[in-house]
Amino acid sequence: MDSDVILPTTVVGSYSVPEWLERLKTEYYQRRISAQHLAEIHEVAIKAAVKDQELAGISIVSDGELRRDNDIDYFLARMPGVHIPQRAKADYYDYYDAEVTGPLPEDDKVSLGLAADFEFTRRVTSRPVKFSFTGPFSLSRRITNAAYPDPADLVRALARRLNAEARELAAAGASLLQIDEPFLAGYPEQAELAIEAVNIVTDGVAATWALHVCYGNRYARPSWEGHYDFLFPAVAAARVDQLVLEFARKGLDDLRLIREYAWDRALGLGVIDVKSSAVESPELVASRIRRALEYVDATRLVINPDCGLRHLAPDVARAKLRAMVAGAALVRSELTAPSPSPSGAAHG
């Protein structure tokens with residue numbers, strides 16, 4: 001969290017994927033362009049995404065996750081011990097069919113390349129960078145498990161692998177790391193396992209850690225519905241500094257849980273509905289922030305969209321970020337305005 005700014009603004013992770021980039025990603029899988037060519041295209045797209053965030057006034061930026069096809073494959077495709085029989089795709093956004101037939105190797109030194117991704121982003125911006133990656137529970141939901149009699153052991157093994165990656169990220173200078181668990185809302189009874197795995201990921205890694213839990217954002221539609229009750233009280237045991245939740249689409253009623261369970265760490269407040277192309281007004285954003293301030297002190301509140309911006313058109317994503325920044329500025333000015341003189345004061 002940026003300690004120099006009250007109500008810092010950030011993004012959850014993914015940024016708008018332009019139509020041309022979608023097309024070129026798919027052409028890669030159809031062997032029409034090379035991996036090297038696609039890597040160069042990704043770098044251009046990431047620079048543009050970072051610039052968009054900077055121009056919108058975002059305090060803490062991301063790389064837009066534009067190298068990733070979706071929330072799963074980028075990690076599983078690089079992970080030793082995960083087998084992907086067929087790497088061709090009809091569309092870049094499709095999921096691979098991944099399987100684990102034996103225990104994941106515990107002593108491999110193969111990097112997933114996340115630290116290099118972070119270093120590239122750090123070189124193209126002077127703003128703080130938040131780096132996010134999908135958590136072990138959600139990754140496990142997309143793996144056919146033939147190796148672990150207890151499925152929880154696969155989650156733990158994935159968590160240990162991600163812990164090694166997080167250590168590399170921290171060594172590369174990443175100070176703001178976020179674990180995304182977009183599948184957890186579909187398996188609420190597994191919250192304690194997911195939090196146990198989160199703690200394996202963060203163990204011994206000196207960084208400010210955020211945990212993002214949403215209701216899915218597949219093709220701009222939620223995968224599940226409900227309330228965040230399932231996350232509490234289990235999440236209190238998470239060794240993270242910030243909880244990032246969606247509120248704009250769902251409404252603000254679940255803010256009651258922050259008070260009820262005495263969550264005393266930072267809250268990433270979702271104030272932008274990423275599943276709608278309608279652009280919020282700054283005043284609507286400000287009203288959502290004011291409501292949250294009834295439950296969370298301003299020094300512990302971070303302002304962000306509900307989820308990633310992947311499915312929004314670029315012009316809509318830019319407009320929504322500008323509205324979010326303007327809304328946060330409205331409330332920030334109210335919080336920092338000098339107090340009025342007491343009425344009825346005597347004058348000489």
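The values are calculated or read from the model by the stated rules, or taken from the named source; none is laboratory data. All figures in this text were calculated on a predicted structure; none of them were measured in a lab. Methodologically, a virtual Cβ is constructed for each residue, glycine included, from the backbone with ideal geometry; neighbour enumeration extends over all protein chains shown.
Is there any pair linking a residue in segment 304-329 that is closer than 7 Å to Ser16 by Cα to one that is assigned to a helix (DSSP H, G or I), with Cβ under 6 Å and at least six apart or on different chains, and which?
Leu309/Ala317
Inspect all residues belonging to segment 335-345 and state whether any of them is hydrophobic (A, V, I, L, M, F, W, C) and at pLDDT 95 or above.
Scanning segment 335-345, I find no residue that is hydrophobic (A, V, I, L, M, F, W, C) and at pLDDT 95 or above, so the answer is no.
Identify, please: which residue in segment 34-57 is free of Cβ contacts under 8 Å to residues at least 60 places away in the same chain and surrounded by 14 or more Cβ atoms within 10 Å (Cβ to Cβ) and is, among those, nearest to Ala174 (Cα to Cα)?
Ala49
Could you run through segment 135-153 and say how many residues are touching a residue at least 24 places away in the same chain (Cβ under 8 Å), assigned to a loop (DSSP other than H, G, I, E, B) and either surrounded by fewer than 21 Cβ atoms within 10 Å (Cβ to Cβ) or not small (Gly, Ala, Ser) (or both)?
So the answer is 5.
Does Gln36 count as at pLDDT 95 or above, of a type in the set (S, T, N, Q) and more than 25 Å from Ala323 (Cα to Cα)? Outline the logic, then answer.
On the way: at pLDDT 95 or above: yes; of a type in the set (S, T, N, Q): yes; more than 25 Å from Ala323 (Cα to Cα): yes.
Yes, satisfied.
Just the residues that are under 18 Å from Val12 (Cβ atoms) and among the polar types (S, T, N, Q), please, taken from segment 166-201.
Once the filter is applied, which keeps residues that are under 18 Å from Val12 (Cβ atoms) and among the polar types (S, T, N, Q), segment 166-201 yields Ser175, Gln178.
Kindly evaluate Ile6 against the criterion of being under 30 Å from Ile289 (Cβ atoms), in a helix (DSSP H, G or I) and of a type in the set (Val, Ile, Thr).
Values: under 30 Å from Ile289 (Cβ atoms): yes; in a helix (DSSP H, G or I): no; of a type in the set (Val, Ile, Thr): yes.
Against the criterion (under 30 Å from Ile289 (Cβ atoms), in a helix (DSSP H, G or I) and of a type in the set (Val, Ile, Thr)), Ile6 does not qualify.
I'd like the full set of residues that are over 23 Å from Val100 (Cα atoms) and at pLDDT 95 or above, limited to segment 157-187.
Narrowing segment 157-187 to residues over 23 Å from Val100 (Cα atoms): 167-178, 185.
Those that are over 23 Å from Val100 (Cα atoms) and at pLDDT 95 or above: Arg167, Glu168, Leu169, Ala170, Ala171, Ala172, Gly173, Ala174, Ser175, Leu176, Leu177, Gln178.
Mind listing just one residue for me: the one in segment 176-201 that is more than 18 Å from the chain's Cα centre (by Cα) and surrounded by fewer than 18 Cβ atoms within 10 Å (Cβ to Cβ) and, of those, nearest to Val240 (Cα to Cα)?
Glu192
Hey, any hits in segment 58-69 for a residue that's under 30 Å from Gly327 (Cβ atoms), surrounded by 20 or more Cβ atoms within 10 Å (Cβ to Cβ), of a type in the set (Lys, Arg) and modelled with pLDDT of 95 or more?
yes
Determine which single condition Gly204 fails, assuming it passes every other condition in (1) at positive phi; (2) buried (at least 22 other Cβ atoms within 10 Å of the Cβ).
Status for Gly204: all satisfied but (2).
How about segment 125-134: which of its residues are part of a strand (DSSP E or B) and either hydrophobic (A, V, I, L, M, F, W, C) or without any contact (Cβ under 8 Å) to a residue 12 or more places away in the chain (or both)? Steps first, please.
Let us first name the residues in segment 125-134 that are part of a strand (DSSP E or B), namely 129-134.
Correct list: Val129, Phe131, Phe133.
For the structure I just gave you, tell me whether Arg161 is buried (at least 18 other Cβ atoms within 10 Å of the Cβ), closer than 16 Å to Gly204 by Cβ and of a type in the set (D, E, K, R).
On the way: buried (at least 18 other Cβ atoms within 10 Å of the Cβ): yes; closer than 16 Å to Gly204 by Cβ: yes; of a type in the set (D, E, K, R): yes.
For Arg161, the condition - buried (at least 18 other Cβ atoms within 10 Å of the Cβ), closer than 16 Å to Gly204 by Cβ and of a type in the set (D, E, K, R) - is met.
Taking the stated definitions as given, is Val235 more than 13 Å from the chain's Cα centre (by Cα), modelled with pLDDT of 95 or more and either buried (at least 19 other Cβ atoms within 10 Å of the Cβ) or more than 19 Å from Tyr295 (Cα to Cα) (or both)?
yes
If only one of Arg167, Arg160, Arg122, Arg156 is of a type outside the set (Gly, Ala, Ser), free of Cβ contacts under 8 Å to residues at least 60 places away in the same chain and either in a loop (DSSP other than H, G, I, E, B) or under 19 Å from Asp241 (Cβ atoms) (or both), which one is it?
Criteria check complete, one pass: Arg167.
Just checking: which of the helices (runs of 4 or more DSSP H) contained wholly in segment 14-101 hold 3 or more residues that are in contact with a helix residue (DSSP H, G or I) (Cβ under 8 Å, 6 or more places away or on another chain) and within 24 Å of Ile303 (Cβ to Cβ)?
In segment 14-101, 35-56 are the helices (runs of 4 or more DSSP H) which contain 3 or more residues that are in contact with a helix residue (DSSP H, G or I) (Cβ under 8 Å, 6 or more places away or on another chain) and within 24 Å of Ile303 (Cβ to Cβ).
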